[in-house]
Each structure stands twice: as structure tokens, then as C-alpha cells.
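Notes follow the structure.
Laboratory data are not the source of any read-out in this text; all were calculated from the coordinates shown. All values reported here derive from a predicted model rather than from experimental measurement.
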Amino acid sequence: MNPFAAVAVKTVGAAGVAAVLSLGVVQAASPTPTATPTPATNHQTDRRTVARAVFEAEADVLGIAPKTLREDLRKGQKVSELAKDKGMTKEQFETKLIANVKPRLAALVDHKVITQAQADKVIDRLSKGHIPFWDGLHRATTK
């Protein structure tokens, strides 16, 4: 190899190594994003967390595990049927559900996963009779 080519290879090689190292330093110096959602920043995560809390509360009111409730719903059963089997009316189920979900939502508010306004909205919706899965997993649409 001629001397000019040898110098060019060393220069290009050194520049490449410097570029790679500088990327590593910049990348190491940049902060990593946090996985903890803050209130009102990730509405999809908020909704999923609230839905999970309500679903688990429904299972608790029925006296079954959430996994069992999920399987029953997939088999076509309705929460209304499961509540009736336990001797509960819709109003009784609603009252127990609200009492069961309030501490769960309060914990989410305390951990700043959701806001108090979001928790209040969920309780208000439940108190107006909007019970998830009361009519089954999917509501039938008739035309």
C-alpha cells in the first residue's frame, strides 16, 4: 500500500471510531424516558388502568377471580346473569361495585396514574347504571 493510502485509511478509521464513540457518549448522557405515566398524558393507558380496576371490582363483587370472569364473558355469559345467580339485582350489584371500585380508584389517584376528576367521572357513570359487561361482552346491534 502506498503511504498516501495508508494515511487515508488511518484517518478515515480514526474518524469513524471517533464518530461511534461520540454517539455512545451522547446516548449515555441523554436521560432515559420514564415508564410511569403522568396524569392526562397518556389517555389510553389511563383508560386501560381504570377499565382493569372496574373489571377486577366486578369480579370481586361476584366472588370470582378476574380470569374466571373473563372466561365466562368469552363463553357468552353476561354479568347480569352471574349477578342473578348470586341473588343480586342490578341496583344491589351497582351499589357493591361502587363500594368496591372506590378504593381502587383512590389508589390510582394517590399514585398519580389518574386524576380525581377521572375517578369521579367513573363513579358517576357507574352510579347512573352504566355497568361494564352487564349485557355481555359485546352488545348486539339491531336494525
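How large is the convex hull of the C-alpha atoms of segment 50-143 per residue, in Å³?
Convex hull of Cα atoms, per residue: 108 Å³.
Using 0.36 nm per residue, how much length does the chain from Arg48 to Lys67 gain when fully extended, once their Cα-Cα distance is taken away?
Stretched out fully, the Arg48 to Lys67 stretch lengthens by 5.2 nm.
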